[in-house]
Amino acid sequence: MRLPAVATVLLLSTTGCVKEISSEERLDRETQFLGAAGSTPDAVALGKVHCDDTDEALNQARNVNRPETDRVLSYIDLYTSLMKRNATFEEAMNRNPDLHYTEGSQSLVAAREKCILQTADVRMEFETYVRELVDVPTVQEIKGGNTVTVARMDFNTLRQAIEALNPDDKETLLNRVGNAEKKVAPPKSEEDSAPTSSGRKRGK
């Protein structure tokens with residue numbers, strides 16, 4: 001099964017605090033190290049790459065009680081992480097076919113198949129959600145007694161998700177997001193919403 005290349009990889013950094021590194025982040029660092037080393041990983045190094053620890057990240061992405069922007073970001077992180085792991089397996093086994101026959105090769109092949117299936121499942125779920133958001137990108141809200149159109153989520157994050165998925169109709173989806181963005185009422189500036197000396201809000 002052919003997996004599309006990911007066009008956008010998120011690089012997240014945290015400053016000012018120390019946090020515990022999750023197993024997801026640790027595996028990402030390992031796969032990045034293997035790729036950066038410029039050499040084909042051996043069976044031992046490749047044995048550290050697997051896709052059995054994605055349940056927590058997937059549950060975060062599925063959590064309907066979280067803001068939709070946060071859910072999409074979780075899907076992006078998980079999907080790009082899985083894509084990197086698949087790329088590590090693909091490159092290693094193509095460059096070194098002996099990995100198919102070395103001791104413990106069955107576990108490597110099984111781990112690779114697990115990653116392929118997991119990536120396909122996450123992609124289908126992620127893409128279904130993104131297309132739903134593109135179909136209904138805005139909602140109606142009552143503000144100040146008036147009905148206004150507001151964004152369902154951050155449009156730039158939605159664009160980022162489309163770039164990560166890179167579907168065949170990517171440009172069409174991006175254009176639809178752009179058209180939806182034009183329909184959203186721009187937020188009032190502090191100056192416009194500030195009361196005048198008579199107590200009325202300033203208007204144009």
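The values are calculated or read from the model by the stated rules, or taken from the named source; none is laboratory data. Just so you know, these numbers come straight off a predicted model, no measurement behind them. Note: accessible area is taken over every heavy atom of the protein model, side chains too, but ligands, DNA and RNA are not part of it. Shrake-Rupley method; radii C 1.70, N 1.55, O 1.52, S 1.80 Å.
Here is the size of region 79-123 from its Cα atoms: Rg then Dmax, 10.8, 32 Å. Ranking Glu171, Glu132, Glu68 from most to least accessible surface, computed with a 1.4 Å probe over the protein chains only, gives Glu171, Glu132, Glu68. Taking amide H atoms as placed 1.01 Å from N in the peptide plane, the amide H of Thr138 lies under 5 Å from those of Arg152, each 5 or more residues away in sequence or on another chain.
Across region 56-155, Cα pairs under 8 Å and at least six residues apart give a relative contact order of 23 percent. Sequence-ordered 3J(HN,Hα) estimates for region 155-162 from the Karplus curve with 6.51, -1.76 and 1.60 and θ = phi - 60° stand at 5, 5, 5, 5, 4, 4, 5, 5 Hz, glycine and proline given as x. Phi angles of region 115-132 translate, via the Karplus equation with coefficients 6.51, -1.76, 1.60 and θ = phi - 60°, into HN-Hα couplings of 5, 4, 5, 5, 5, 5, 5, 5, 4, 4, 5, 4, 5, 4, 5, 5, 5, 5 Hz per residue; Gly and Pro are given as x.
Annotation for region 50-68 versus region 103-177: alpha-carbon center distance of 14 Å.
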